[in-house]
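*Asks:* Here it is: the structure, laid out below.
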Amino acid sequence: MTGWASFVAMVAAGLALLFGLPMVFDLFGLLQMTVFVAMAVLALSQGFIWGYGGVMSFGQTAFFGLGGYTYAVAVLNMGDSTVPVLLSVLVPTLFAALLGYFMFYGRISDAYIGVITLTVTVILFNVVNSTAGDFYTIGNAALGGFNGMPSVPPLNVPGDPSSPLDPEQTWYAAMGALILVYVLLRMILASRFGRVVVAIRENETRAQLLGYDTRLYKLVVFAIGGGIAGLGGCLYTNWGSFISPTVFGLAASAQVLIYVLVGGLGTLLGPILGAFGIQYLISLIGTQEAVNANLVLGAILVVFVLLVPQGVVPVVRGLFRRVPNGRRGRVAEAAVVEP
Amino acid sequence: MHEFRLSRRGLLQSGATLAGGALAAPLVARHAMAADTIKVGSLLDLSGPIGSSGQAMHATIQLAVAELNASGGLLGRQIELVNYDTQSTIQLYSQYAQQLALKDKVAVVHGGITSASREAIRPVFDRYATLYFYNVLYEGGVCDRDCFCTGTTPAQTVNKLVPYALDTWGKKAYIIAADYNYGQITAKWMGKYVRDGGGTVQATEFFPLDVTEFAATISKIQQAGPSVVLSALVGSNHTAFYRQWAAAGMKGKIPIASTTFGLVNEIATIAPSESDGVVTSYGYYEELSTPASTAFTQAVRAKFGNDLPYISELAAATYEGFKLWAEGVKKAGSLDRMKVTEALETGLAVDGPSGKVTIDHATHHVVRNAYLAKAADRKWEVFKSYPDQAPADTAAVCDLIKDPKMSKQFVIDVKT
Amino acid sequence: MALTGLILFNVANSIAVLVLLSLGLGVIYGMMKIINLAHGEFLMLGAYTTVVSTNAGLNLWVAMLIAAPVAVGLFGLLVERLFIRFLYGRMIDTMLATWGLSLAVIGLITTIFGNTVRGVAAPFGGFAIGGYQTSLYSLFVIAVAAVMAAGLWLVLRFTRFGLIVRATMQNPNMAAALGAPPPQIYMVTFALGSALAGLAGGVLAPVSGVSPVMGSAFIARAFITVLGGGPAIVTGTGLASTLFGGISEVATFLTTPVFGQVALLLAALIMIRILPQGITGRLLRRSL
């Protein structure tokens, strides 16, 4: 099966879900799928920069939250949602570029990139947390501190703020955005740029010796990841009409890593499936009282790291291919550029 | 390529079956009950950092439902409690709120603990026309006809605590509070009541929720030399303040009055040598010795045992919130949201463990008793009570009689 | 004058707390290049061991100084045998596995003990510096931190065990060839780091809010201190604790607790930018 065929099939499957789910699901089901999709977009951004760019960000939620807040502030001031959506991608992209410049041009090692991204998201959490009160108002939008920003206007038909999207239309927008992001990332990875990015992940020194400015490539990957995470945040804010600083929290950052790891590092399908599966599981856990949620999530993470380090998608793919998978670890497995 | 779709679908299905098999037991039990039960939703954090606050609330709403069912239910139907553990996660609050409103189609939802969780779910219930009760003491200001708030607000408790502190210990106050909305707004109210009482605020300090070291602050407080420390610290990390305060030998030197201490079992978790003498003001204490209170605590302890955390105002207000709703339904003779709301707005009252609790039409808050108590040997000694306190803070900004379409939380401008 | 003395005492206390919080993490990171994200939960387990065994009637000092490190050290040993040993050389994977472990431990402790537990009070009481009251227990905390750091240094520097450990750190293959199998060294090191975390948790239990989620308030600070310290375990952790502890304490006293935290994080960011390998990555490289 060629990459091209799998690409077409994936998009077809996505479109089938896009138009099929509203016929199968009731309103609640559709709403739930909408938030899962928002988290899947976030997972894609993490999967892209980690699985392909080799950049280990522990704070991808910083860009997710920034996107959500940007959308909320902008839409409360502008009324029409078109520009706010663009801003919710643009602002996190620029922020990621700035942070990336600081990290990659400072030649900071991988572990420290983890620490810095983690620290940034913690700082954002603390900053936004202490913005209660009238002083922290941007135009019409009060940031609201820990309590967050309620009643954020939903997306509307572009150019017409008086016709907001209903939940079903929001589903089309969210799932459509997920498909677009997927297509975009596939195109990037198939391009010359994408191949260099993967080459850098495989062996940064070799790529440097071949004359590539690896800092610049990593920076661009990180910025793209930031923008996608921002879009996820925008979708998330839309789904609940609400955003609060907990999106910056450590628990949220941890979950995104779990999605990617469980689904499959070095794939694009993996993070999406991971996001859906884990979210569904977490939602189920809260409806019962027998098992503690942390216990289950923690156990899943440990088991996957130890027993299925490549994640579900590569393993399933390997089974179908019937290729003996003797190589241990994810890095070797992830070398293949595929969905 | 079909293999991918196969694997995806297979994965979702097998995941669903697996999870279903493992976790469906309580669900099945719940949904297998008679179809004509009345469903009541409950959204509380039972795990995660805020889980310690939710435990006792979860217990008392179960008790209230069980008691009502034992006495024949409502409108001749039994009540079925649908409760979800929100795991201290705002996203799950929104998700389960949609589930309760759209899928379970509950008659009413009781729940939410932090103000952030309330503000996340309140719009969901507005949008999908579901009645909502928030049963937690908070900073005040919610003005929404589809929502009832049954906990105390600063005018009911802080306004008792601060004057008592000023009269008893002196006029110089040092305020320490958690660095988020509740702490900041409560600190403003504390400052206002201090000045109203002719006192001065020497300093106001805010602490992020993950601060665990208080040595510098304890030094600063001594440097300022206040006659009382007013505390609105929140969460288990902040209980370290009381422990380090005692370890520094400050206990007994400068008294502490708090608007939060003891709400979440602190009285049992830290030693008497650290907690004795702290004064608080709430709408309810487990030690309250009225017959209604004694009967209530005995029933809770009989059902849930002595391991259940302290039965604070959170737990009592949850119980009373449910009873208020039940009375509303009885009076309306219907589950319809507007009819129940209108019935409640007639100034409906119930006698709960804390005393008489009356709905205030204009604010959708409650008129209820407030108490002052002092910690002594892992117990609260209630030494003063203030009957029928009105939610005057919210009333200053909110009039739902005049403006029933209002639906927002005011940040009350605390005039000094 | 008394105020200066008090501030210096508080700074010393703040440094001691950071040393306690990070030394266990530092041992594991320094020797094995493993970042144990469950370190906060190891501290929490130490605190729980102290609190639970004291409530069960054990002497506080025995609970704090013996039971806590032994229990958490054994737990660390178990964790190393069950999970960590399969993940050597895979740094990111160990971070993820220990993150998972931390969630699971929080869940487990919540399931067993509930969300709250009865704590123990700090012994001793206060003493005065000039006109200011302060905690005698803090003096004890400072002493424990100093003894812990000095003891670790002595063990690494002068014992046969320390020699083997340092050799394994520098060149595992050579050490193995000379008859010191790295797997065993790693196992002992991980248990030692866990025991230090347990001891720290035990000692801090009387002055902390003990709950299943308390670890998360500590982990970020410990993490930053260890990475800021660089490869030399004792010297690096000590220097980084002094720098960060001093900055945050003085900033908190002069301004607000919020700014104290911000100052700590900013100091860490700037330092990582200037010294990407940590303090002892460039300075004092031959230290321990």
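The values are calculated or read from the model by the stated rules, or taken from the named source; none is laboratory data. Just so we're clear, the structure is a prediction, and the values are computed from it rather than from any experiment. Using ideal geometry, Cβ is built from the backbone for each residue, glycine included, and neighbour counts are taken over all protein chains shown.
*Asks:* Just give me the residues in segment C:124-147 being in contact with a helix residue (DSSP H, G or I) (Cβ under 8 Å, 6 or more places away or on another chain), assigned to a helix (DSSP H, G or I) and β-branched (V, I, T), in sequence order.
*Replies:* C:V141, C:I142, C:V144
*Asks:* Between a first residue in segment C:161-174 that is over 14 Å from C:V188 (Cα atoms) and a second residue that is part of a loop (DSSP other than H, G, I, E, B), which pairs have beta carbons less than 8 Å apart while being 6 or more apart in sequence or on different chains?
*Replies:* Within 8 Å, the pairs are C:A167/C:L178; C:A167/C:A180.
*Asks:* For segment C:96-126, name all the residues that are free of Cβ contacts under 8 Å to residues at least 40 places away in the same chain and more than 7 Å from every other protein chain (Cβ to nearest Cβ).
*Replies:* Listed by number, the residues that qualify are C:I112, C:F124.
*Asks:* Taking segment B:228-286 as the search range and keeping residues that are part of a loop (DSSP other than H, G, I, E, B), among the aliphatic types (A, V, I, L, M) and within 18 Å of C:T134 (Cα to Cα), which one is nearest to the chain's Cα centre (by Cα)? Give the derivation first.
*Replies:* Restricting attention to segment B:228-286, the residues satisfying the condition of being part of a loop (DSSP other than H, G, I, E, B) are B:233-238, B:248-255, B:259-265, B:270-271, B:276-278, B:283-286.
Narrowing the set further to residues that are among the aliphatic types (A, V, I, L, M) leaves B:233-234, B:248, B:250, B:254, B:263-264, B:270-271, B:278.
Imposing the further condition that a residue be within 18 Å of C:T134 (Cα to Cα) reduces the set to B:248, B:250, B:254.
Working: B:A248: 32, B:M250: 30, B:I254: 29 Å.
Only one residue fits best here, namely B:I254.
*Asks:* Is it fair to say B:A155 is modelled with pLDDT under 95 and buried (at least 24 other Cβ atoms within 10 Å of the Cβ)? Quick ask: steps written out before the conclusion?
*Replies:* Values: modelled with pLDDT under 95: yes; buried (at least 24 other Cβ atoms within 10 Å of the Cβ): no.
Against the criterion (modelled with pLDDT under 95 and buried (at least 24 other Cβ atoms within 10 Å of the Cβ)), B:A155 does not qualify.
*Asks:* Would you check which residues across segment B:176-220 are touching a Ser or Thr at 6+ places or on another chain (Cβ under 7 Å), assigned to a helix (DSSP H, G or I) and within 14 Å of chain A (Cβ to nearest Cβ) and list them?
*Replies:* B:N181, B:Y182, B:T186, B:A187, B:G191
*Asks:* Here is a further query. Considering only segment B:58-79, state which residues are within 24 Å of the chain's Cα centre (by Cα) and more than 14 Å from chain A (Cβ to nearest Cβ).
*Replies:* To start, the set of residues in segment B:58-79 that are within 24 Å of the chain's Cα centre (by Cα) comprises B:58-68, B:79.
Result: B:T60, B:L63, B:A64, B:V65, B:A66, B:E67, B:L68, B:I79.
*Asks:* Determine which member of the set A:S191, A:S283 is among the polar types (S, T, N, Q) and at pLDDT below 90. Before you say what the answer is, go through the steps one by one.
*Replies:* Details: A:S191 fails: at pLDDT below 90.
Result: A:S283 is the single residue among A:S191, A:S283 that is among the polar types (S, T, N, Q) and at pLDDT below 90.
This table checks each residue for (1) outside any loop (DSSP other than H, G, I, E, B); (2) crowded, with 22+ Cβ neighbours inside 10 Å; (3) touching a strand residue (DSSP E or B) at 6+ places or on another chain (Cβ under 8 Å).
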residue: B:T297; (1), (2), (3): yes, no, no
residue: B:F322; (1), (2), (3): yes, yes, yes
residue: B:T363; (1), (2), (3): no, yes, yes
residue: B:V397; (1), (2), (3): no, no, yes
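*Asks:* How many of the residues making up segment B:53-96 are closer than 24 Å to B:L263 by Cβ, among the hydrophobic types (A, V, I, L, M, F, W, C) and in contact (Cβ under 8 Å) with a residue 12 or more places away in the chain?
*Replies:* Here the count works out to 9.
*Asks:* Could I ask something else about it? In segment A:1-52, how many are of a type in the set (G, A, S) and either out of contact with any Gly (no Cβ under 7 Å at 6 or more places or on another chain) or without any contact (Cβ under 8 Å) to a residue 40 or more places away in the chain (or both)?
*Replies:* Here is the first cut: in segment A:1-52, the residues of a type in the set (G, A, S) are A:3, A:5-6, A:9, A:12-14, A:16, A:20, A:29, A:38, A:40, A:43, A:45, A:47, A:51.
Then drop every residue that is not either out of contact with any Gly (no Cβ under 7 Å at 6 or more places or on another chain) or without any contact (Cβ under 8 Å) to a residue 40 or more places away in the chain (or both), which leaves A:3, A:5-6, A:9, A:12-14, A:16, A:20, A:29, A:40.
Residues that pass the stated criteria total 11.
*Asks:* Tell me whether segment C:205-214 contains one or more residues that are outside any helix (DSSP H, G or I) and in contact with a His (Cβ under 7 Å, 6 or more places away or on another chain).
*Replies:* Applying the first criterion (outside any helix (DSSP H, G or I)) to segment C:205-214 yields C:208-214.
In the following step, the residues that additionally are in contact with a His (Cβ under 7 Å, 6 or more places away or on another chain) were identified as C:209.
Yes, segment C:205-214 has at least one match.
*Asks:* Another one. So which pairs qualify, if the first residue must be in segment C:238-262 and in contact (Cβ under 8 Å) with a residue 24 or more places away in the chain, the second must be assigned to a helix (DSSP H, G or I) and basic (K, R), the Cβ gap must be under 9 Å, and the two must be at least 6 apart or on different chains?
*Replies:* Here the result reads C:F244/C:R221; C:S248/C:R221; C:F253/B:K220, each pair linking segment C:238-262 to a residue that is assigned to a helix (DSSP H, G or I) and basic (K, R).
*Asks:* Right, here's the next one. Do we find that C:F223 is under 24 Å from B:A240 (Cβ atoms), in contact (Cβ under 8 Å) with a residue 12 or more places away in the chain, more than 13 Å from chain B (Cβ to nearest Cβ) and not hydroxyl-bearing (S, T, Y) in this structure? Give the derivation first.
*Replies:* Numbers: under 24 Å from B:A240 (Cβ atoms): yes; in contact (Cβ under 8 Å) with a residue 12 or more places away in the chain: yes; more than 13 Å from chain B (Cβ to nearest Cβ): yes; not hydroxyl-bearing (S, T, Y): yes.
Yes; evaluated as a whole, the condition is true for this residue.
*Asks:* Now for a different question. Against the definition (buried (at least 24 other Cβ atoms within 10 Å of the Cβ), touching a Cys at 6+ places or on another chain (Cβ under 6 Å) and assigned to a helix (DSSP H, G or I)), how does A:S88 come out, yes or no? It would help to see each step written out before you state the result.
*Replies:* Working: buried (at least 24 other Cβ atoms within 10 Å of the Cβ): yes; touching a Cys at 6+ places or on another chain (Cβ under 6 Å): yes; assigned to a helix (DSSP H, G or I): yes.
Criteria met by A:S88.
*Asks:* From the list A:G67, A:G59, A:G47, exactly one residue is surrounded by 24 or more Cβ atoms within 10 Å (Cβ to Cβ) and not in a helix (DSSP H, G or I). Which is it? So that I can check it myself, show each step before the final result.
*Replies:* Working: A:G67 fails: not in a helix (DSSP H, G or I); A:G47 fails: not in a helix (DSSP H, G or I).
Unique residue meeting the criteria: A:G59.
*Asks:* Could you tell me how many of the residues in segment B:229-239 are within 16 Å of B:D179 (Cα to Cα) and more than 7 Å from chain C (Cβ to nearest Cβ)? Let's see the steps before the verdict.
*Replies:* Applying the first criterion (within 16 Å of B:D179 (Cα to Cα)) to segment B:229-239 yields B:230-239.
Filter again for more than 7 Å from chain C (Cβ to nearest Cβ), leaving B:230-235.
Counting residues in segment B:229-239 that are within 16 Å of B:D179 (Cα to Cα) and more than 7 Å from chain C (Cβ to nearest Cβ) gives 6.
*Asks:* Turning to a different aspect of this structure: Go through segment A:11-27 and count every residue that is facing another protein chain (nearest Cβ under 8 Å) and modelled with pLDDT under 90. Explain how you work it out, then say what you get.
*Replies:* Applying the first criterion (facing another protein chain (nearest Cβ under 8 Å)) to segment A:11-27 yields A:13, A:26-27.
When the remaining residues are screened for being modelled with pLDDT under 90, the result is A:26-27.
Looking only at that region, the number is 2.
*Asks:* Within segment B:103-138, which residues are among the β-branched types (V, I, T) and within 12 Å of chain A (Cβ to nearest Cβ)?
*Replies:* Here is the first cut: in segment B:103-138, the residues among the β-branched types (V, I, T) are B:106, B:108-109, B:113-114, B:121, B:124, B:130, B:136.
Correct list: B:T114, B:I121, B:V124.
*Asks:* Among the residues that make up segment C:141-156, is at least one of them under 29 Å from B:A215 (Cα atoms), surrounded by fewer than 21 Cβ atoms within 10 Å (Cβ to Cβ), within 14 Å of chain B (Cβ to nearest Cβ) and hydrophobic (A, V, I, L, M, F, W, C)?
*Replies:* yes
*Asks:* Please go through segment C:216-274 and give me each residue that is touching a strand residue (DSSP E or B) at 6+ places or on another chain (Cβ under 7 Å) and among the hydrophobic types (A, V, I, L, M, F, W, C), ordered by number. Please lay out each step first, then the result.
*Replies:* Filtering segment C:216-274 down to residues touching a strand residue (DSSP E or B) at 6+ places or on another chain (Cβ under 7 Å) leaves C:256-258.
Scanning segment C:216-274 gives a single hit, C:V258.
*Asks:* Restrict the check to segment A:75-84 and report whether at least one residue is assigned to a loop (DSSP other than H, G, I, E, B), hydroxyl-bearing (S, T, Y), within 13 Å of another protein chain (Cβ to nearest Cβ) and surrounded by 24 or more Cβ atoms within 10 Å (Cβ to Cβ). Let's see the steps before the verdict.
*Replies:* Start the filter on segment A:75-84 by keeping residues that are assigned to a loop (DSSP other than H, G, I, E, B), which leaves A:79-81.
Next, from what is left, pick out any that are hydroxyl-bearing (S, T, Y): A:81.
Next, from what is left, pick out any that are within 13 Å of another protein chain (Cβ to nearest Cβ): none.
Scanning segment A:75-84 turns up no residue that is assigned to a loop (DSSP other than H, G, I, E, B), hydroxyl-bearing (S, T, Y), within 13 Å of another protein chain (Cβ to nearest Cβ) and surrounded by 24 or more Cβ atoms within 10 Å (Cβ to Cβ).
*Asks:* Any idea which of C:A251, C:A240, C:A268 is within 14 Å of chain B (Cβ to nearest Cβ) and of a type outside the set (K, R)? Steps first, please.
*Replies:* Working: C:A240 fails: within 14 Å of chain B (Cβ to nearest Cβ); C:A268 fails: within 14 Å of chain B (Cβ to nearest Cβ).
One residue alone meets the criteria, C:A251.
*Asks:* Across segment A:198-251, what is the total count of residues that are more than 12 Å from every other protein chain (Cβ to nearest Cβ), farther than 21 Å from A:L180 by Cα and of a type outside the set (G, A, S)?
*Replies:* 19
*Asks:* I'm checking my understanding of the structure. Among residues of segment C:77-95 that are of a type in the set (D, E, K, R) and more than 11 Å from chain A (Cβ to nearest Cβ), which one is farthest from C:S208 (Cα to Cα)?
*Replies:* Restricting attention to segment C:77-95, the residues satisfying the condition of being of a type in the set (D, E, K, R) are C:80-81, C:85, C:90, C:93.
With more than 11 Å from chain A (Cβ to nearest Cβ) added as a condition, the list becomes C:80-81.
Values: C:E80: 28, C:R81: 31 Å.
Going through the qualifying residues, I end up with C:R81.
*Asks:* Report yes if B:Y242 is under 28 Å from B:S47 (Cβ atoms), more than 7 Å from chain C (Cβ to nearest Cβ) and modelled with pLDDT of 90 or more, otherwise no.
*Replies:* yes
*Asks:* May I ask you to list the residues in segment C:128-140 that are facing chain B (nearest Cβ under 7 Å) and without any contact (Cβ under 8 Å) to a residue 24 or more places away in the chain?
*Replies:* Across segment C:128-140, the qualifying residue is only C:Q133.
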